[in-house]
Every structure is written in structure tokens, then in C-alpha cells.
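Heads up, the thing below is written out as C-alpha cells.
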Amino acid sequence: MRYKITHTTAYYYGEPVPLCHNLVHLKPRENQRQALINFSTLIRPNPIIRTERVDFFGNAVTWFAIQEPHKSLQIVARSVVDVKPFEPPKEFWWPAWDEVVRLLQERRDPQMLEAQQFISDSPYIDCSPQLAEYAKPSFPPGRPLLDCVSELTQRINNEFRFDKNATTVGTPVLEVLQHRHGVCQDFAHLQIGCLRSLGLAARYVSGYLCTQPPPGCARIVGGDASHAWVSVFFPDFGWIDFDPTNGVIPSAGHITLGWARDYDDISPVRGVVVGGRRHSLQVSVDVEPLTARDQAATKVGV
């Protein structure tokens with residue numbers, strides 16, 4: 001499936017800001033199921049300095065600085081991506097979860113070493129006995145890891161309520177566990193914390209979810225949103241994604257921006273400003289499935 005994504009972030013300040021520095025993760029990542037066809041970023045005012053690099057986790061990063069007085073900042077990222085559907089292969093032998101824990105502790109091949117950095121605590125996720133205890137009903141000894149994680153994904157989806165007003169970026173995972181509500185970022189952090197507390201490798205995935213309007217209703221331009229989910233390591237196979245907010249294994253409707261230890265590593269936009277007094281933030285995301293005619297047009301630009 002091909003999608004056109006427009007992600008607009010706008011800041012409005014109470015008084016002119018003479019200087020700001022910003023770090024942006026808005027370029028979709030390429031992998032076995034996702035190809036990037038086009039990408040562009042428009043920044044207003046025009047930055048005096050702008051650099052592109054790849055971070056420790058392999059994600060594309062844009063850093064820029066504006067050194068002129070401005071009362072607003074707008075960042076518009078436009079992407080066109082192809083996404084293939086995913087189904088776990090039926091012929092693969094899925095290892096038991098406790099065997100995976102042992103392998104992560106003992107093996108030192110490159111694949112294992114890369115996965116081991118996603119076992120430990122990270123800025124927004126601390127391993128804890130409480131998280132392990134919540135996960136344990138889904139992880140009896142000897143059960144295949146795929147079955148365990150699938151059940152935990154469903155439990156979080158069933159037992160936690162989506163509430164965009166219940167939490168903030170810094171809400172601790174244990175508070176989310178206690179109150180049983182939050183947003184996709186919270187549910188991803190919660191599931192990652194549960195898995196790491198058992199000794200498993202799990203990483204945070206930032207991206208978008210293509211939403212469908214109700215029957216008979218037109219799509220609302222800009223009515224989509226950023227999304228977050230979880231990826232779990234399976235030895236000798238690789239990483240498989242799970243979406244606890246929706247209780248599914250992500251497929252062709254999930255578009256990946258990138259992955260890291262948690263939200264702190266890969267927030268879409270973050271920055272520092274001098275002055276400005278009070279400010280407001282507006283974010284608009286539009287994920288548009290493209291028809292065959294639309295796809296032909298993307299060959300000449302976004």
C-alpha cells in the first residue's frame with residue numbers, strides 16, 4: 001500500500017523568539033516491509049544552520065537553528081512510502097520465551113548484541129517487579145514467545161482505557177499501570193517495561209496509523225495522528241511489531257518513522273527556545289492512501 005503523509009508542527013509564541021535549536025525525527029525509515037519513495041521538509045522561518053545525520057539507532061535526524069526574531073515556527077514534513085503487509089511465517093519454529101531470555105544472556109553474536117541494548121532501563125522505562133508481575137499470567141514456562149506477547153498485547157488493549165487527557169509525556173509507567181489509562185505512547189512504554197522486566201528485548205516504534213472514516217463520511221484532512229507501538233526480538237528471525245493500543249500485529253496500515261529505546265530517543269520534534277513567554281502548539285497529521293493514479297503522480301514529486 002502506498003501512502004502520502006503530511007506532518008505539520010506549528011509553534012506560536014507570545015513574543016518574538018530570537019533563537020531556537022530543534023531536533024527532528026520525521027523521515028520514515030526504510031526496512032524490509034517499507035520503502036521511502038519521496039521525502040521533503042519545509043521549515044519557516046528558514047534556518048541559518050541545518051544538518052542531516054543518522055543517530056545511534058539508525059534513524060534519520062535533522063538538526064536546525066533559527067537565529068532571527070520570530071513569533072511562529074512551522075515544520076512541514078511530507079513523505080510518500082510503500083508498506084507491505086506482514087504475517088508471522090507459519091513454518092518458523094517459535095522459541096519459548098524463557099529460552100529466549102537465556103539466549104539473550106548467553107549468546108554474543110552480532111544479532112544478539114544488537115538486541116541486548118533493548119533489555120535494560122531507558123529514560124522513560126524502568127524495569128520493575130510490578131511490571132513483571134503484571135506480565136506473568138501471559139508467560140507460563142515453556143510457552144512460545146509469539147503467543148505470550150500476543151496475549152499481553154490483547155490484555156493491555158482490553159484492560160486499559162485510551163484517554164488523551166490522562167497522562168503527559170513524563171507520566172511514569174507504574175502510574176499508567178496503576179490507573180489503567182493513557183495514550184499509545186503510554187501503552188507502548190508499559191508493554192516494553194513488562195517485557196524488559198522479564199529479561200526480553202523490546203524497543204519503541206514511532207510512526208503513523210492509517211485511520212478509516214466511518215461509512216459514508218469523507219476523510220478529514222489533517223485528522224490523523226502520530227502513533228507508537230512495540231517491537232520484540234525473536235532470535236534467528238528478527239523483530240516483530242505489536243500494537244497494544246489496538247491489540248494487533250501491525251501490518252500494511254502502520255507506517256514506521258523509526259525506533260529506539262523509548263519516546264525520549266525519537267520524539268518527532270524537540271527543541272530549545274530563548275524567550276517567547278507563553279507558547280501554543282498545533283500538530284496536524286494526514287495519512288492519505290494513494291490510488292494508482294495518485295501513485296503515478298508521486299514519481300515526479302511529493
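The values are calculated or read from the model by the stated rules, or taken from the named source; none is laboratory data. Because the structure is a prediction, the values reported are computed rather than measured. Here the Cβ positions follow ideal geometry from the backbone for every residue, glycine too, while neighbour counts run over all protein chains shown. Just so you know, the surface numbers come from the protein's heavy atoms only, side chains and all, with ligands and any DNA or RNA stripped out. Shrake-Rupley method; radii C 1.70, N 1.55, O 1.52, S 1.80 Å.
Take the Cα radius of gyration of the stretch 63-194 and divide it by 2.2 N^0.38 Å, with N its residue count; two decimals is plenty.
Here the answer is 1.37, to two decimals.
Can you put 42, 190 in order of accessible area, largest first, using a 1.4 Å probe?
From most accessible down to least: 42, 190.
How much accessible area per residue does the chain have, counting only protein heavy atoms and a probe of 1.4 Å, in square angstrom?
With the other protein chains kept in place, the chain gives 48 Å² per residue.
With every protein chain kept in the model, how would you rank 229, 259 by accessible area, 1.4 Å probe, largest at the top?
259, 229
Kindly report, to the nearest 10 Å², the accessible surface of residue 236 as traced by a 1.4 Å probe over protein heavy atoms only.
Residue 236 exposes around 100 Å² with every protein chain in place.
Express in Å², to the nearest 10, the accessible area of residue 106 obtained by rolling a 1.4 Å probe over the protein heavy atoms while all chains stay in place.
Accessible area of residue 106: about 110 Å².
Whole Å is fine, so just give me how far the alpha carbon centre of the stretch 111-177 lies from that of the stretch 34-75.
32 Å
Based on the alpha-carbon gyration tensor of the stretch 1-115, what equivalent-ellipsoid semi-axes (square roots of 5 times the eigenvalues) come out, in whole Å, largest first?
Here the semi-axes work out to 40, 20, 12 Å.
Could you please state how large a percent of the accessible area of the stretch 77-174 is carbon and sulfur, counting protein chains only and using a 1.4 Å probe?
Within the stretch 77-174, the accessible surface is 54 percent carbon and sulfur.
For 11, 208, give the ranking by accessible area with the largest first, probe 1.4 Å.
Result, largest first: 11, 208.
Mind grabbing the accessible area of residue 291 for me, 1.4 Å probe, Å², rounded to tens?
80 Å²
Which value in Å is the Kirkwood Rh of the stretch 151-210 over different Cα pairs?
This gives a value of 12.0 Å.
Mind checking which of 169, 101, 230 has the largest fluctuation in a GNM of the chain, springs on alpha carbons under 10 Å?
Comparing 169, 101, 230 in the GNM, the peak value goes to 169.
So what is the 222 nm mean residue ellipticity for the chain from helices alone, if each DSSP H run of at least 4 adds -39500 (n - 2.57) and you divide by all residues, rounding to the nearest 500 deg cm²/dmol?
Taking each H run of at least 4 residues, the total per residue is -6500 deg cm²/dmol.
Enumerate the whole-percent occupancy of each 10 Å bin, from 0 to the last occupied one, for all C-alpha pair distances of the chain.
6, 25, 32, 24, 11, 2, 0
Taking the simple approach of a point 7 Å from Cα along Cα-to-Cβ for both residue 40 and residue 54, what is their distance in nm?
Distance between label points: 2.5 nm.
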